[in-house]
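Inspection log for the structure reproduced underneath, given as structure tokens.
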Amino acid sequence: MVRSQIVGCGSYLPERVVTNAEMARMVDTSDEWIVERTGIRARHLAADGQTTSDLATIAAQRALEAAGIAAAELDLLIVATATPDHTFPATATKVQARIGMTGGAAFDVQAVCSGFVYALSIADNFIKAGQAKTAMVIGAETFSRILDWTDRGTCVLFGDGAGAIVLRAAQAEGTNQDRGILSTHLHSDGRHHDLLYVDGGPSSTQTVGHLRMEGKEVFRHAVANLAQVVGEALDANGLAAADIDWVVPHQANRRILDGTARKLGLSTDRMVITVDRHANTSAASVPLAFTEAFNDGRLKPGQLVLLEAMGGGFTWGAALVRL
């Protein structure tokens, strides 16, 4: 059978770093308040005029360099984002042109914080179906553009960034010891729309709008949903939590990470955690964390890695990968 193997990754964070102390000068908050509730100490914010496609392009170029391939070899490019440059065309097509990819297909996926896992699943299925041999999946966001900077409950939580992964088709045996994506699992429940959403859009208000969130309810659903989908991924492959070498979770809130780890019986020592320095970068958070851990040597060939995320919609999902 065919598996989608990860052959390269790259990331980009904007140069501007905003600490909690700086946030405290903007809204009624403090470093202690933010750290206690979220684990966040700093976040990166895009510069004036810097767009989601700008961030995504740099991450894409770095991923291609790491994979040792040319953009012309890509058959598919998917950008997961909730903050596109324009209503249309897709941000992915702008990235496609900038990196020199002239063939294949490029499009966006919108599943908010779960976007990267959704996009990875789509790319994996394209490869397994034989419609693509080499694919790039990017998570990129400029969430700073949709924040209400007077709302201390939300504006302190988010940051900007981009991460990219290159996938390539490879023959495999069809066992849970194969290298590559073993399985992906996606879910959504639109009944919870009003717990995490943006109060604007082209068809409703003709404005961009601002992010709105019921934090306590989101936390409760996140821990339960993430534990459920992780169990689903393990069961589908005849594996147990003890088999996982690393979890690369969506970086929403340190409390959610800790709660999910407890529910699964996992040590947070086996989680790649970047939320303290990156904050919540939505669809970019999983590939940003993955790239950091890969580049510093924590992620190694042969290891079993679990990617998981939950976002507005609600959407949530997981991918089990052997490197």
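Out of the residues in the range 138-149 that are closer than 16 Å to Ala80 by Cα and among the hydrophobic types (A, V, I, L, M, F, W, C), state the one that is surrounded by the most Cβ atoms within 10 Å (Cβ to Cβ).
Among them, the one singled out is Ala140.
Which is within 25 Å of Leu64 (Cβ to Cβ) and touching a Cys at 6+ places or on another chain (Cβ under 9 Å), of Ala164, Ala169, Ala129? Talk me through it step by step, then tell me what you get.
Numbers: Ala169 fails: touching a Cys at 6+ places or on another chain (Cβ under 9 Å); Ala129 fails: touching a Cys at 6+ places or on another chain (Cβ under 9 Å).
When all the criteria are applied, what remains is Ala164.
Residues checked against (1) at pLDDT 95 or above; (2) open to solvent by 10 Å² or more (accessible area, probe 1.4 Å); (3) over 20 Å from the mean Cα position of the chain (by Cα):
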{"site": "Ala111", "(1), (2), (3)": "yes, no, no"}
{"site": "Leu120", "(1), (2), (3)": "yes, no, no"}
{"site": "Ala132", "(1), (2), (3)": "yes, no, yes"}
{"site": "Met136", "(1), (2), (3)": "yes, no, no"}
{"site": "Asp151", "(1), (2), (3)": "yes, yes, yes"}
{"site": "Thr154", "(1), (2), (3)": "yes, no, no"}
{"site": "Ala169", "(1), (2), (3)": "yes, yes, yes"}
{"site": "Ala172", "(1), (2), (3)": "yes, yes, yes"}
{"site": "Leu182", "(1), (2), (3)": "yes, yes, no"}
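Out of Gln61, Gln96, Gln50, I need the residue that is out of contact with any Ser or Thr (no Cβ under 9 Å at 6 or more places or on another chain), open to solvent by 10 Å² or more (accessible area, probe 1.4 Å) and either part of a helix (DSSP H, G or I) or touching a residue at least 60 places away in the same chain (Cβ under 8 Å) (or both). Which one?
Only one candidate passes the filter, namely Gln61.
Applying the selection to the range 64-82, what residues are under 20 Å from the mean Cα position of the chain (by Cα) and open to solvent by less than 10 Å² (accessible area, probe 1.4 Å)?
Within the range 64-82, Leu76, Leu77, Ile78, Val79, Ala80, Thr81 qualify.
For the range 281-293, name all the residues that are surrounded by fewer than 24 Cβ atoms within 10 Å (Cβ to Cβ) and in contact (Cβ under 8 Å) with a residue 60 or more places away in the chain.
Initial filter on the range 281-293 (surrounded by fewer than 24 Cβ atoms within 10 Å (Cβ to Cβ)): 292-293.
If the condition is that a residue be surrounded by fewer than 24 Cβ atoms within 10 Å (Cβ to Cβ) and in contact (Cβ under 8 Å) with a residue 60 or more places away in the chain, then Glu292 is the only one that fits.
Out of Thr29, Thr19, which single residue is crowded, with 17+ Cβ neighbours inside 10 Å, at pLDDT 95 or above and in contact with a helix residue (DSSP H, G or I) (Cβ under 8 Å, 6 or more places away or on another chain)?
Matching residue, one of Thr29, Thr19: Thr29.
For the range 218-242, name all the residues that are of a type in the set (D, E, K, R) and open to solvent by 70 Å² or more (accessible area, probe 1.4 Å).
Arg220, Asp235
Given the conditions (1) open to solvent by 60 Å² or more (accessible area, probe 1.4 Å); (2) modelled with pLDDT of 95 or more, which single one is not true for Thr102?
Going through the list (1) open to solvent by 60 Å² or more (accessible area, probe 1.4 Å); (2) modelled with pLDDT of 95 or more, Thr102 breaks only (2).
Return a yes/no flag: does the range 239-249 have any residue that is touching a residue at least 40 places away in the same chain (Cβ under 8 Å) and out of contact with any Leu (no Cβ under 8 Å at 6 or more places or on another chain).
Looking through the range 239-249, none of the residues is touching a residue at least 40 places away in the same chain (Cβ under 8 Å) and out of contact with any Leu (no Cβ under 8 Å at 6 or more places or on another chain).
Taking the stated definitions as given, is Thr38 in contact with a strand residue (DSSP E or B) (Cβ under 9 Å, 6 or more places away or on another chain), buried (at least 18 other Cβ atoms within 10 Å of the Cβ) and either closer than 30 Å to Ala71 by Cα or hydroxyl-bearing (Ser, Thr, Tyr) (or both)?
Against the criterion (in contact with a strand residue (DSSP E or B) (Cβ under 9 Å, 6 or more places away or on another chain), buried (at least 18 other Cβ atoms within 10 Å of the Cβ) and either closer than 30 Å to Ala71 by Cα or hydroxyl-bearing (Ser, Thr, Tyr) (or both)), Thr38 qualifies.
The values are calculated or read from the model by the stated rules, or taken from the named source; none is laboratory data. All of these numbers come straight from a predicted model, not from anything done at the bench. Neighbour counts run over all protein chains shown; Cβ positions are idealised from the backbone, glycine included. Accessible surface areas use protein heavy atoms only, side chains included; no ligands, DNA or RNA. Shrake-Rupley method; radii C 1.70, N 1.55, O 1.52, S 1.80 Å.
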